[in-house]
Amino acid sequence: MSRSSYPLKLPETLKRDAQRLAKQDGVSLNQWIAAAVARQVGASEEAEGFFERRAARARRGAMLEILAKTPDRPPDAGDELPEGLDSDALLKRTRPSA
């Protein structure tokens with residue numbers, strides 16, 4: 001396995017915590033950080049695969065049926081669309097291309 005170097009700057013408190021955990025695990029700080037990064041990469045790839053599989057099973061018609069049952073009222077505070085984005089533009093982006 002080839003290796004590469006990456007200068008990593010951590011907040012001092014995070015570095016201390018990582019050093020403590022590495023010592024508890026009986027490994028070097030470098031080994032501990034490499035394992036932590038590998039776990040995060042694996043988790044991210046697993047999540048991406050999960051959402052890709054879910055998206056492949058999605059049916060736009062079923063989603064629209066669910067949305068049709070929602071009450072016609074303004075969204076709760078904090079649930080508004082971002083400024084400059086309207087629901088029609090959002091629907092156009094989710095429609096499959098012809």
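Just so you know, all these numbers are worked out from the coordinates, no wet-lab data involved. Note that this is a predicted model, so its numbers are computed, not measured. Backbone-built Cβ (ideal geometry, glycine too); neighbour counts: all protein chains shown.
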Restricting attention to segment 64-73, does a residue exist that is within 30 Å of LYS15 (Cα to Cα), of a type in the set (Ser, Thr, Tyr) and more than 22 Å from the chain's Cα centre (by Cα)? no
Filter segment 5-19 down to residues that are of a type in the set (D, E, K, R) and exposed (fewer than 12 other Cβ atoms within 10 Å of the Cβ), then give me how many there are. 3
With respect to the numbered conditions (1) within 20 Å of the chain's Cα centre (by Cα); (2) of a type in the set (Gly, Ala, Ser); (3) surrounded by fewer than 10 Cβ atoms within 10 Å (Cβ to Cβ), which one is the sole condition not fulfilled by ALA47? (3)
